[in-house]
Each structure stands twice: as C-alpha cells, then as structure tokens.
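Below is one structure, written out as structure tokens, with a few remarks after it.
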Amino acid sequence: MNENLFASFMVPITLGIPITTLIIMFPTMLFPTPNRLINNRMITIQQRLTKLTSKQLMMTHNPKGQTWSLMLISLFLFIASTNLLGMLPHSFTPTAQLSMNLGMAIPLWAGTVFIGFRNKTKMSLAHLLPLGTPTFLIPMLVMIETISLFIQPLALAVRLTANITAGHLLLHLIGSATLALMSINLFTALITFIILTLLVILEFAVALIQAYVFTLLVSLYLQDNT
C-alpha cells in the first residue's frame, strides 16, 4: 500500500542500465515473419486484422498517399503492441511517456507538412487563410491557423499520453482500494473487484483504440497534404 502511485511509469533499470530500448523492441517478437506457404491460425488472424486496418486507413487516400500504407500500419502495430504490453503485471508502458510520443508525433507531422509544401505549395498556404476572410482579419487568422498547425503534433502526443496514463492510474487506485476493502468488507471488495475487471477489459480496448486514433490522425494529416 505504500507503493508510489507513479511507480509503473518510471523507466525500469537493471544493473544500473535503463532497459527501455529492450522493452520497446520486445513487441516486434509478437509479429513473426511468415515463412510457410500455409500459416497457422495466429499468423492468419494477424494478417487479416492488419489488412482490414490498412484498408480502413487507406480508403480515402490517392495513389501518392497509399505509398505510406506500410509506414502507417507499422506505426499502428507498434503503438498497439506497446500499449498492450503495459497491461501485463510488473511491466512498463513506453507510450505513457510524453517524450516518446513527441518523438513519434513530431517527425510524422513534419513529414506530412513538408510533403504538402513541396507538392501542393499553394493549397498548403491557402489552408492558413479561410476563403472569404475580411481583409482586417487576415493577419489574425493567419497567426491563429499557423499556431494551430504547430499544435497538431503536441495534441497527438498529449492525447495518447493522457489516455494511457489516466487508465493505468485508475486501475492502480481501484486495485489498491480492492485490497484494502478485503479486510474490511468482503462484499464491497467483491463489487470493486468486478468494477476492476470491467475496467481492465475497457483498458485493453482503449489501448487498441488510441493506437488507431493516433495512426488515423497522422493519416488525415497526410491526406490533406498529398
């Protein structure tokens, strides 16, 4: 009960060496490369889900945008697997760190913006000024649209970090309350345990949904610039 509330978000260290890199690389082992003509059920399910997700992400893209399909589906699988990794007992959730999420969001956002200014310079600049804007509002609206453009990667990273962190903290609090109530009122402890079980199921869904939302927003940024 004296455990730090934020202990699960601390970078794990073994023999004085941070092992974050090894933890981040671990989910790649969950997606083996098929080397057989007929795959087993697990790989077949993975491939079908991957194909379905890729189809949903690339449905509205033009041929130029569809060239990013491999990168986007890899991003989705990486975020989803690291989110699910954090649901294991005594594990570490890399996507609960704002620095890591910013490290993913800023390069992806910058890449889409660079592509837009390179391929559609006039259209990209036109997005900074809505059509029919009065003359005296032009400087203010250009400034507001520019700020909103630069806020996009921060919003991407903060959204993912906040959702993962809030879910883990809620599970930690309810789990601690369940342990405390076991010695006070068994019936109340049973109710909180049922709530905890439902929240765990919800958190698994949130882990996948947040990975899809992050990837979908990057896909929408790409769609606006290709």
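Contact annotation: no residue pair with Cβ atoms under 7 Å, 6 or more positions apart or on different chains, pairs a residue in the stretch 166-185 that is in contact (Cβ under 8 Å) with a residue 40 or more places away in the chain with a partner that is aromatic (Phe, Trp, Tyr) and exposed (fewer than 14 other Cβ atoms within 10 Å of the Cβ).
Which residues, taken from the stretch 32-56, are part of a loop (DSSP other than H, G, I, E, B) and not β-branched (Val, Ile, Thr)? Pro32, Pro34, Asn35, Arg36, Leu37, Asn39, Asn40 - these are the residues of the stretch 32-56 that are part of a loop (DSSP other than H, G, I, E, B) and not β-branched (Val, Ile, Thr). For the stretch 88-105, the criterion of being farther than 20 Å from Leu208 by Cβ, in a helix (DSSP H, G or I) and open to solvent by 80 Å² or more (accessible area, probe 1.4 Å) is met by at least one residue.
Screening the candidates Leu173, Leu169 for the property of being more than 14 Å from Leu88 (Cα to Cα), exposed (fewer than 14 other Cβ atoms within 10 Å of the Cβ) and of a type outside the set (Asp, Glu) yields one hit, Leu173.
Applying the selection to the stretch 178-193, what residues are open to solvent by less than 90 Å² (accessible area, probe 1.4 Å) and not hydroxyl-bearing (Ser, Thr, Tyr)? Those that are open to solvent by less than 90 Å² (accessible area, probe 1.4 Å) and not hydroxyl-bearing (Ser, Thr, Tyr): Ala180, Leu181, Asn185, Ala189, Ile191. Highlighted here are the helices (runs of 4 or more DSSP H) found entirely within the stretch 111-226 that include at least 2 residues which are β-branched (Val, Ile, Thr) and within 27 Å of the chain's Cα centre (by Cα): 138-182, 186-224.
When the stretch 57-87 is filtered for residues that are within 18 Å of Ala205 (Cα to Cα) and either in a loop (DSSP other than H, G, I, E, B) or basic (Lys, Arg) (or both), the ones remaining, listed by number, are Gly86, Met87. Restricting attention to the stretch 194-208, the residues that are open to solvent by 40 Å² or more (accessible area, probe 1.4 Å) and either touching a residue at least 60 places away in the same chain (Cβ under 8 Å) or at positive phi (or both) add up to 3. Looking at the stretch 85-101, can you tell me whether even one residue there is in contact (Cβ under 8 Å) with a residue 40 or more places away in the chain and touching a Lys or Arg at 6+ places or on another chain (Cβ under 9 Å)? So far as the stretch 85-101 goes, yes, one or more of its residues are in contact (Cβ under 8 Å) with a residue 40 or more places away in the chain and touching a Lys or Arg at 6+ places or on another chain (Cβ under 9 Å).
When Ala126 is tested against (1) closer than 21 Å to Thr226 by Cβ; (2) surrounded by 13 or more Cβ atoms within 10 Å (Cβ to Cβ), only condition (2) is not met.
The values are calculated or read from the model by the stated rules, or taken from the named source; none is laboratory data. Not measured: the values here are computed from a predicted model. Positions of Cβ are backbone-derived with ideal geometry, glycine not excepted, and every protein chain shown enters the neighbour counts. We work out accessible area using only protein heavy atoms, side chains counted, and drop any ligands, DNA or RNA first. Shrake-Rupley method; radii C 1.70, N 1.55, O 1.52, S 1.80 Å.
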